[in-house]
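Reading through the structure tokens given below for one structure.
The values are calculated or read from the model by the stated rules, or taken from the named source; none is laboratory data. All of these numbers come straight from a predicted model, not from anything done at the bench. When we count neighbours, we look across all protein chains shown, and the Cβ atoms used for this are built from the backbone with ideal geometry, even at glycine.
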Amino acid sequence: MNLLFLGTGAGVPAKLRNVTSIALKLLEERNAVWLFDCGEATQHQILHTTLKPRKIEKIFITHLHGDHIFGLPGLLGSRSFQGGTTKLTVYGPKGIREFLDTSLHVSETHLKYPLSIIECQEGLVFEDSQFTVEALLLDHAVPSFGFRITEHDKQGALDAEKLRKAGIPPGPIYQRLKNGETVTLENGRTIRGSDFVGPPKKGRVVAIVGDTRPCENAVTLARDADLLVHESTFSGDHEQMAREYFHSTTLQAAETARRANVHQLCLTHISSRYGKEDWKVLEKEAQSIFPNTQIVSDFTSIDI
């Protein structure tokens, strides 16, 4: 599981930061990529990476402001032109269906793959045998979601060395024991799989918070997460401006991370008013409250 930041700026594209898009790479887990937001020129950003549009399985849209959705129609069209044939599902607030239906219809963009559009409500958005995705509304000028992605706990490892010491040679029986079965050997001896399988491995949790003022739902989504991605549009000394524009400061993002007891905080959605020379200052502001904080840039990659 890896997060690749395709765009980390706020509002409008800038020379050093494109507008928001984040790729959650699940190549080992399900040979797929999930996108969170798709600002203008996201597909241009993808050209500078190894991501393949046909691998994009799901796109989660936090809210309908242009810097989070204007790249979506183009990316959907390009995915089709480039040979994508597998189903793609877009999740987002009410209005995302009208936006996409109109954009694709007016531009006469005909997709060669099934497109599903799901307008989200709060609560469980997606679940399968590997992951759940939950959404809660945040505090922004328009309905804005945060998402909590939870990997299901993994089965414990089979202790092959312990099995060998118990006189049980490798073979198909190992898989049965790993599945927790009780197996009777040819000599009548009974072996319980639970005696040779370690404890379950806790699944990883990632919280991705859309544009928001500080709010309780952000803390709820991020509770005990391995990684929290939080907008940080303004520096700590611009709290009033952040409030007026329904955004957060570095200090407020860090306080959310502290309260939620996350392991790591990534700051994104940085205003273009801050030049490259300011970024470390912003990072240190947040670190004064939550030390394990990193301000990310376009193409920052983080293993989880």
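Filter the range 92-111 down to the residues that are closer than 24 Å to A32 by Cα and loosely packed, with under 12 Cβ neighbours inside 10 Å and list them by number.
Once the filter is applied, which keeps residues that are closer than 24 Å to A32 by Cα and loosely packed, with under 12 Cβ neighbours inside 10 Å, the range 92-111 yields only H110.
Would you say F234 is on the phi > 0 side of the Ramachandran plot and not basic (K, R)?
So F234 does not fit the description; no.
Does T109 fit the bill of being under 21 Å from L27 (Cβ atoms) and not in a strand (DSSP E or B)? Step through it out loud before you land on a result.
Working: under 21 Å from L27 (Cβ atoms): no; not in a strand (DSSP E or B): yes.
The answer is no for T109.
If T89 satisfies every condition in (1) surrounded by fewer than 19 Cβ atoms within 10 Å (Cβ to Cβ); (2) in contact (Cβ under 8 Å) with a residue 40 or more places away in the chain; (3) among the β-branched types (V, I, T) but one, which is the exception?
Among (1) surrounded by fewer than 19 Cβ atoms within 10 Å (Cβ to Cβ); (2) in contact (Cβ under 8 Å) with a residue 40 or more places away in the chain; (3) among the β-branched types (V, I, T), T89 violates only (2).
So which helices (runs of 4 or more DSSP H) are wholly in the range 193-304 and hold at least 3 residues that are touching a residue at least 60 places away in the same chain (Cβ under 8 Å)? Steps first, answer last, please.
Values: elements: 216-222, 239-244, 250-260, 276-287.
So the answer is 216-222.
Identify the residue in the range 12-32 that is over 17 Å from the mean Cα position of the chain (by Cα) and more than 14 Å from G71 (Cβ to Cβ) and, among all such residues, is modelled with the highest pLDDT.
Narrowing the range 12-32 to residues over 17 Å from the mean Cα position of the chain (by Cα): 12-18.
Keeping just the survivors that are more than 14 Å from G71 (Cβ to Cβ) gives 14-17.
Numbers: A14: 94, K15: 93, L16: 95, R17: 98.
Restricting to residues being over 17 Å from the mean Cα position of the chain (by Cα) and more than 14 Å from G71 (Cβ to Cβ), the top hit is R17.
May I ask you to list pairs of residues, at least six apart or on different chains, whose Cβ atoms are under 8 Å apart, with the first in the range 152-173 being touching a residue at least 24 places away in the same chain (Cβ under 8 Å) and assigned to a loop (DSSP other than H, G, I, E, B) and the second being surrounded by 14 or more Cβ atoms within 10 Å (Cβ to Cβ) and aromatic (F, W, Y)?
That search, which allows pairs on different chains as well, returns H152/F131; D159/F196; A166/F196.
Of everything in the range 35-78, what is free of Cβ contacts under 8 Å to residues at least 60 places away in the same chain and in a strand (DSSP E or B)? Give them in sequence order.
Matches in the range 35-78: L35, I56, E57, I59.
Please go through (1) more than 14 Å from the chain's Cα centre (by Cα); (2) buried (at least 19 other Cβ atoms within 10 Å of the Cβ); (3) under 27 Å from K25 (Cβ atoms); (4) of a type outside the set (V, I, T) for D224 and return the number of the only condition it doesn't satisfy.
That leaves (2) as the condition not met.
Residues being closer than 30 Å to E122 by Cβ and among the acidic types (D, E): count how many of those fall in the range 168-227. Spell out how you get there, then give the answer.
Within the range 168-227, the subset closer than 30 Å to E122 by Cβ is 200-227.
The next check asks that each one be among the acidic types (D, E); those that pass are 211, 216, 224, 226.
Summing the residues that are closer than 30 Å to E122 by Cβ and among the acidic types (D, E) in the range 168-227 gives 4.
Please state which one of L35, L51 is farther than 24 Å from A242 by Cβ and either under 13 Å from the mean Cα position of the chain (by Cα) or among the polar types (S, T, N, Q) (or both).
Among L35, L51, only L35 is farther than 24 Å from A242 by Cβ and either under 13 Å from the mean Cα position of the chain (by Cα) or among the polar types (S, T, N, Q) (or both).
Go through (1) of a type in the set (V, I, T); (2) assigned to a loop (DSSP other than H, G, I, E, B); (3) buried (at least 24 other Cβ atoms within 10 Å of the Cβ) for V12 and report which single condition fails.
(3)
Consider L64 against the criteria (1) touching a strand residue (DSSP E or B) at 6+ places or on another chain (Cβ under 8 Å); (2) surrounded by 19 or more Cβ atoms within 10 Å (Cβ to Cβ); (3) closer than 26 Å to L137 by Cβ: it satisfies all of them except one. Which criterion is unmet?
(2)
Of all the residues that make up the range 129-166, how many are more than 30 Å from Y245 (Cβ to Cβ) and more than 16 Å from the chain's Cα centre (by Cα)? Show your work before the answer.
Taking the range 129-166 and keeping what is more than 30 Å from Y245 (Cβ to Cβ), we get 129-132, 150-166.
Now drop any that are not more than 16 Å from the chain's Cα centre (by Cα), which leaves 129, 153-166.
Final tally of qualifying residues: 15.
So, L124, is that one surrounded by fewer than 17 Cβ atoms within 10 Å (Cβ to Cβ), over 30 Å from S248 (Cα atoms) and aliphatic (A, V, I, L, M) or not?
Numbers: surrounded by fewer than 17 Cβ atoms within 10 Å (Cβ to Cβ): yes; over 30 Å from S248 (Cα atoms): no; aliphatic (A, V, I, L, M): yes.
No; evaluated as a whole, the condition is false for this residue.
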